[in-house]
Structure formats: C-alpha cells, structure tokens
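The structure appears right after this line, and notes come after that.
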Amino acid sequence: MDSGFPVVFALYPRITQLDFTGPFEVFARLPGARCISASVSGGTVEGSGGLTFANVARLADIAECALLCVPGGFGTVAAMEDPLYLSELRRLATQARYITSVCTGSLLLAAAGLLDGKRAACHWAWRDSLAVLGAIPDPARVVRDGNVITGGGVTAGIDMALTVLAEIAGADYAQTVQLTIEYAPEPPFDCGRPELARPEIVAAAQKRLDAMRAERDAAVRRARDALRALSPSSGVRRSCSR
C-alpha cells in the first residue's frame with residue numbers, strides 16, 4: 001500500500017479516551033503505520049471527562065483503511081443510532097485487513113451488522129447487549145473471530161492492540177513495543193473483573209452503570225430493529241472472515 005498502513009480510529013462524541021489513546025499508542029509504533037483519527041463531522045471531538053481531540057478528519061474523506069479501530073464510551077448509545085457513522089463503519093470494514101474494537105466499541109460494530117454470528121468481547125456491564133445485536137458475547141479480555149479482534153473494557157484496548165501488532169509484525173516486535181511502553185500492569189487491587197471483586201464492590205459499580213441501563217437497552221433494541229430492516233443490498237457485511 002503506497003500510503004503505508006492506514007489505521008483508522010472511528011471516533012464520536014463522548015468516547016472514553018483510553019479506549020482510543022491506549023491502542024493508538026501501540027498502533028502508532030507499527031512500522032509503516034499512518035494513524036488517522038476521524039469522525040462523522042470531523043474537526044473537534046470531545047471525549048467523556050472533557051478531553052478534546054482536535055484536527056479530526058471526516059470519515060467520509062478516508063479512502064483507505066487497513067485497520068479499523070472503534071473505541072467505546074458513554075457516547076455509544078447515540079453513535080449506534082447514527083446512520084452516517086454506522087454506514088462509514090460498514091464501508092471501511094469492507095477494505096480493512098483487521099477490524100478491531102475496545103470496550104463498547106464492539107456494540108457499534110454489531111449495530112453496523114459486522115458481528116453477526118461472531119464472538120466478541122465487550123465491557124462486562126454491556127456484554128449481554130451483544131447477543132441482542134446478533135453477536136456471541138465472550139468474556140475473554142481479547143477475542144478473535146476471523147479478522148475481527150475485540151477487546152474488553154477500557155484497559156483491554158492495549159492488550160488487543162498488542163495482539164494485533166504481534167499478528168502483523170511478529171511476537172518479538174510486539175514484545176519490544178510492550179517493553180518500550182513499559183506495559184507491566186500491577187494494579188493495587190485485584191478487582192478488575194466482576195468475578196474477582198467483592199460483592200459490595202460489584203454492586204457499587206453496577207449501581208453507577210445502571211443509571212444509563214434503560215437508555216442503553218432501548219437504543220440496542222432500536223439498533224437491532226434497524227439491522228433487521230436492512231435489505232441484503234444495503235452493504236451490510238454479514239461475515240468478516242478472511
């Protein structure tokens with residue numbers, strides 16, 4: 001590819017910044033990589049927490065995509081009902097060698113019709129929604145099904161990106177990058193997954209997330225209905241295996 005290896009991050013308002021910046025840090029070190037941040041409108045994208053990303057390209061202007069990466073975030077609910085955003089995901093996915101996501105980004109891939117019958121990871125509190133959209137929820141931190149490689153919640157994006165890097169550039173190179181960024185997590189608490197945390201900690205986290213459950217579940221059902229309404233000629237790629 002004359003333009004190198006285009007890595008397209010499909011952004012939208014209220015992304016979780018680490019879902020984006022974690023994989024970006026890894027993929028930017030891929031030899032020949034050309035990392036492109038893009039959204040429907042381009043310009044500026046504000047993530048949750050107020051961190052702003054400037055000089056963002058328009059998705060419609062992206063002609064080449066070797067690797068598509070879709071981050072998650074609290075803006076997932078709105079993004080899964082944005083037909084322009086989902087249409088761009090479908091278009092870019094048709095040419096991508098790898099289709100990837102972090103956290104609830106897998107719900108957006110599913111809402112675009114790209115995970116039908118495929119195993120995928122997601123944030124633990126949203127994972128059940130994958131089944132509504134035709135995907136197969138998988139609790140693993142990184143899940144591969146064909147050329148689709150998905151990561152679990154937030155920090156799993158680094159693991160996902162290193163997995164893809166090893167696939168492209170080899171395990172030794174991926175390990176060199178891991179060492180270079182000193183990715184050697186030693187969390188102060190062993191509670192990063194629901195099955196590891198004390199019940200009261202799980203309940204507290206779930207209570208915070210339940211505040212948007214009704215809105216999320218309604219959006220997922222509408223996205224499911226929209227998928228069902230698509231005709232075979234709509235361009236939805238029902239299988240992404242290569």
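The values are calculated or read from the model by the stated rules, or taken from the named source; none is laboratory data. Model, not experiment: these values are computed from the prediction. Note that each Cβ is placed from the backbone with ideal geometry, even for glycine, and that neighbours are counted across all protein chains shown.
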Review point. Within segment 139-154, how many residues turn out to be in a loop (DSSP other than H, G, I, E, B), in contact with a strand residue (DSSP E or B) (Cβ under 9 Å, 6 or more places away or on another chain) and over 22 Å from ALA219 (Cβ atoms)?
Key: 4
Review point. What strands (runs of 3 or more DSSP E) completely inside segment 1-101 contain at least 3 residues that are aliphatic (A, V, I, L, M)?
Key: 5-10, 33-39, 52-58, 67-70
Point to revise | Lone qualifier among GLN178, GLN206 - being farther than 15 Å from GLY153 by Cα, in a helix (DSSP H, G or I) and not small (Gly, Ala, Ser) | key: GLN178
Exercise for review: List the number of the failed condition for VAL7; all other conditions in (1) of a type in the set (A, V, I, L, M); (2) at pLDDT below 95; (3) surrounded by 16 or more Cβ atoms within 10 Å (Cβ to Cβ) hold.
Suggested key: (2)
Practice item. Answer yes if at least one residue in segment 27-45 is buried (at least 17 other Cβ atoms within 10 Å of the Cβ) and polar (S, T, N, Q), and no otherwise. Key: yes
Check your understanding: Exactly one of (1) crowded, with 17+ Cβ neighbours inside 10 Å; (2) under 25 Å from ARG222 (Cα atoms); (3) in contact with a helix residue (DSSP H, G or I) (Cβ under 7 Å, 6 or more places away or on another chain) is unmet by ALA93. Its number?
Key -> (3)
Exercise for review: Test each condition in (1) out of contact with any helix residue (DSSP H, G or I) (no Cβ under 7 Å at 6 or more places or on another chain); (2) farther than 22 Å from ASP210 by Cα for TRP124 and report the one that comes out false.
Suggested key: (2)
Exercise for review: Could you tell me whether ASP159 is under 16 Å from the mean Cα position of the chain (by Cα), part of a helix (DSSP H, G or I) and among the acidic types (Asp, Glu)?
Suggested key: yes
Review point. Is there a residue in segment 112-120 that is closer than 20 Å to TYR12 by Cα, crowded, with 18+ Cβ neighbours inside 10 Å and not aliphatic (A, V, I, L, M)?
Key: yes
